[in-house]
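Sharing a structure below in structure tokens format, with a few things to ask.
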Amino acid sequence: MSIRPSRTHRAGGASPPAPAPGSEGLSRHALLSPAQMGVADRAAPAAGVTGVQLMAAAGAAVVRAICDRWAPRPVRVLCGTGNNGGDGFVVARLLRDAGWPVRVALWGRRDALRGDAAWAAEAWSGPLEPAEPACLEGAGLIVDALLGAGLSRSPEGTLRALIQALNAAAAPVCAIDVPTGLDGASGRAPGAVVRADLTVTFCRRKPGHLLLPGRVLCGALVCADIGMPEAALSGIAPAAYANHPDLWAGIFPWPRVDGHKYHRGHALVVGGAQMPGASRLACLAAARIGAGLVTLATPPSAWALQAGALTSIMVEALPQDGALDLAVADPRRNVLLIGPGLGRTPQGRHQVLALLATGRPCVLDADALSGFSDEPEVLLGALHETCVLTPHEGEFASLFGAVLPSADMESPSADVGAAGVGDDKLWRARTAARQSGAVVVLKGADTVIAAPDGRCVINDNAPPTLATAGSGDVLAGCVAGLLAAGMPVFEAACAAVWLHGLAADGLGQGLLAEDLPGALPGALAVLAGMD
């Protein structure tokens, strides 16, 4: 499965065209907004699967997930009056039939149930009680079937009180589709929200399952196949994708039997004198992940230190004025990286602009971004289509805060597939990429990679141990190394983020950034062994 458009820029030529829309089934890594899943639900009957069949399959999937994790115990199923509540009624009936003690509580009026939800409620022959905090007493498991994924406002009043009581209860919680109070499109929780131990969703995941705080609030996540017909999904353009090798492994730049080091590219890293370790980390990562050659261009005051610390990396001294004319004179230096350890100086700014003026693929990180915080328009005006920006949230705000619309502004539904708000991370990254014309890697535990053409990927394999100084320098080097080896820009960013997370995960607790480059061969071996 590819998410490439028909034309993708790359360091060494154009990538082949992607399959025409509809020529493949919708990727299992596609993330659909609540609105898009609603479209599929409504289209399913015309494709031969009724809403009742989908609801019955959804309830059965939740029961399987519950039985896989917990032994029979007293269950409280909290149902709303929509289809999410209908799923809850199915769960209650099937658990009761399996011998579990079940009580059902309804938030809302029985006569408000309509359509498939009314069918599911009618099939429940047990009593109904009002969904209020008292109903949770004695529960050994709570099933949250109160609201669906399309949150329109913050829970208030009795619903808020019920959510607070649910979170205070000692029993584990299984949420259906998304925890109540969580926006499935953005992962945001504008008010009271259920903290689930397990969430079972259906057909495809939603962006809110991967974006923070949603990923934490969902607990363990199961995405169940409930028999949604492929025809009901045709024509839906995913809001985003979950990062996975299925999306880019087919064009990964593995070394060729007939290749040599220059076939694998030559990455030039421009470093500074203030924090020399940062540029060393970037160089080592670029070399480990795929670049055939890596050169570090460093101020003369740091040359002896860097040359003594690096063996497989070539180190050359820049002139005193930091001019890069000689460093970029060799056209075989096909990818340029600047930012790690650069320092926020006028010379550093000039160097960034000089590298961008070459038109070669550039990776900008750290001080290459924050150094323009007082004049972001200068940097944004110099970017081109083969640039990758790797900001964390602070650098992102300093660079795009003045040019992005206010956080209070609604994001266009055509962009994200559902209503969102201006501080939605997915929307912010996509908008920044479109406005800058560069690929944006908005870093975090839920890193978002966005391309100017609207493609967007959310990464979910990064362990919390990556929250350590220098890990971002390694990531920048990973991107540069894959670009040097010839991978298209967006795909190189996606692959670098995924491999970076996998390498960190293999190291476990106690990780230091300097451990990461050495862990990349193991991550590459895992990738090579995947089907």
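The values are calculated or read from the model by the stated rules, or taken from the named source; none is laboratory data. The structure displayed is predicted, hence computed values, not measured ones. So basically every Cβ, Gly included, is an ideal-geometry build from the backbone, and we count neighbours across all protein chains shown. Heads up: the accessible areas ignore ligands, DNA and RNA and are worked out on the full protein's heavy atoms, side chains in. Shrake-Rupley method; radii C 1.70, N 1.55, O 1.52, S 1.80 Å.
If I filter the stretch 486-531 down to residues being without any contact (Cβ under 8 Å) to a residue 60 or more places away in the chain, not charged (D, E, K, R) and not in a helix (DSSP H, G or I), which single residue comes out as nearest to Leu247 (Cα to Cα)?
Gly508
Take residues that are open to solvent by 10 Å² or more (accessible area, probe 1.4 Å) and on the phi < 0 side of the Ramachandran plot and tell me which of the strands (runs of 3 or more DSSP E) falling wholly in the stretch 116-208 contain 2 or more.
Details: elements: 128-130, 141-145, 173-176, 198-202.
Counting at least 2 such residues, we get 128-130.
Return the pairs, sorted by first residue and then second, in which the second residue is among the aliphatic types (A, V, I, L, M) and part of a helix (DSSP H, G or I), the first residue lies in the stretch 111-125 and is without any contact (Cβ under 8 Å) to a residue 40 or more places away in the chain, the beta carbons are less than 6 Å apart, and the residues are 6+ apart or on different chains.
Listed pairs, sorted by first residue: Leu113/Ala121; Trp124/Ala92.
Here's another thing I want to ask about it. Which condition breaks for Asp68 when tested against (1) under 21 Å from Asp177 (Cβ atoms); (2) touching a helix residue (DSSP H, G or I) at 6+ places or on another chain (Cβ under 9 Å); (3) assigned to a helix (DSSP H, G or I)?
The single condition Asp68 does not satisfy is (2).
In the stretch 71-98, which residues are in a loop (DSSP other than H, G, I, E, B) and free of Cβ contacts under 8 Å to residues at least 24 places away in the same chain?
If we filter the stretch 71-98 for residues that are in a loop (DSSP other than H, G, I, E, B), which is where we start, we get 71-74, 80-82, 98.
Hit for the stretch 71-98 is Ala71, nothing else.
If I ask for residues that are of a type in the set (A, V, I, L, M) and over 23 Å from Pro521 (Cβ atoms), which ones from the stretch 224-267 would you list? Spell out the reasoning first.
Here is the first cut: in the stretch 224-267, the ones of a type in the set (A, V, I, L, M) are 224, 226, 228, 231-233, 236-237, 239-240, 242, 247, 249, 251, 257, 267.
Within the stretch 224-267, Ala224, Ile226, Met228, Ala231, Ala232, Leu233, Ile236, Ala237, Ala239, Ala240, Ala242 qualify.
Look through the stretch 301-344, keep the residues that are of a type in the set (D, E, K, R) and over 22 Å from Gly486 (Cβ atoms), and return whichever of them is least open to solvent (accessible area, probe 1.4 Å).
To start, the set of residues in the stretch 301-344 that are of a type in the set (D, E, K, R) comprises 316, 321, 325, 330, 332-333, 344.
Within this subset, residues satisfying the condition of being over 22 Å from Gly486 (Cβ atoms) are 316, 321, 325, 344.
Working: Glu316: 55, Asp321: 104, Asp325: 115, Arg344: 169 Å².
Here the residue is Glu316.
Still on this structure, please answer the following. Checking Ile289 against (1) surrounded by 15 or more Cβ atoms within 10 Å (Cβ to Cβ); (2) touching a strand residue (DSSP E or B) at 6+ places or on another chain (Cβ under 6 Å); (3) not basic (Lys, Arg), only one condition comes out false. Which one?
Every condition holds for Ile289 apart from (2).
Go through (1) under 27 Å from Ala525 (Cα atoms); (2) assigned to a helix (DSSP H, G or I) for Gln347 and report which single condition fails.
Among (1) under 27 Å from Ala525 (Cα atoms); (2) assigned to a helix (DSSP H, G or I), Gln347 violates only (1).
Taking the stretch 388-400 as the region of interest, how many residues are free of Cβ contacts under 8 Å to residues at least 60 places away in the same chain and surrounded by 16 or more Cβ atoms within 10 Å (Cβ to Cβ)? Give the derivation first.
Within the stretch 388-400, the first condition is being free of Cβ contacts under 8 Å to residues at least 60 places away in the same chain, and the residues that meet it are 389, 391, 393-400.
Checking which are surrounded by 16 or more Cβ atoms within 10 Å (Cβ to Cβ) leaves us with 389, 391, 395-396, 398-400.
Residues flagged as free of Cβ contacts under 8 Å to residues at least 60 places away in the same chain and surrounded by 16 or more Cβ atoms within 10 Å (Cβ to Cβ) within the stretch 388-400 amount to 7.
Restricting the stretch 458-485 to residues that are β-branched (Val, Ile, Thr) and in a helix (DSSP H, G or I), which is nearest to Trp498 (Cα to Cα)? Walk me through how you get there before you give the answer.
Applying the first criterion (β-branched (Val, Ile, Thr)) to the stretch 458-485 yields 458, 465, 468, 474, 479.
Next, from what is left, pick out any that are in a helix (DSSP H, G or I): 465, 474, 479.
Details: Thr465: 15, Val474: 13, Val479: 11 Å.
Applying the filter and picking the extreme gives Val479.
Which one is farthest from His384 (Cα to Cα), of the residues in the stretch 408-457 that are among the polar types (S, T, N, Q), assigned to a helix (DSSP H, G or I) and at pLDDT 95 or above? Break it down into steps so the answer makes sense when it comes.
The initial filter retains those residues of the stretch 408-457 that are among the polar types (S, T, N, Q), namely 411, 413, 431, 435-436, 447.
Now narrow it down to the ones that are assigned to a helix (DSSP H, G or I): 413, 431, 435-436.
From what is left, the residues that are at pLDDT 95 or above are 431, 435-436.
Values: Thr431: 16, Gln435: 11, Ser436: 8 Å.
This residue is Thr431.
Another question, if that's okay. Can you name every residue in the stretch 206-237 that is among the acidic types (Asp, Glu) and out of contact with any Gly (no Cβ under 6 Å at 6 or more places or on another chain)?
Step one: of the stretch 206-237, the residues among the acidic types (Asp, Glu) are 225, 230.
Correct list: Asp225 only.
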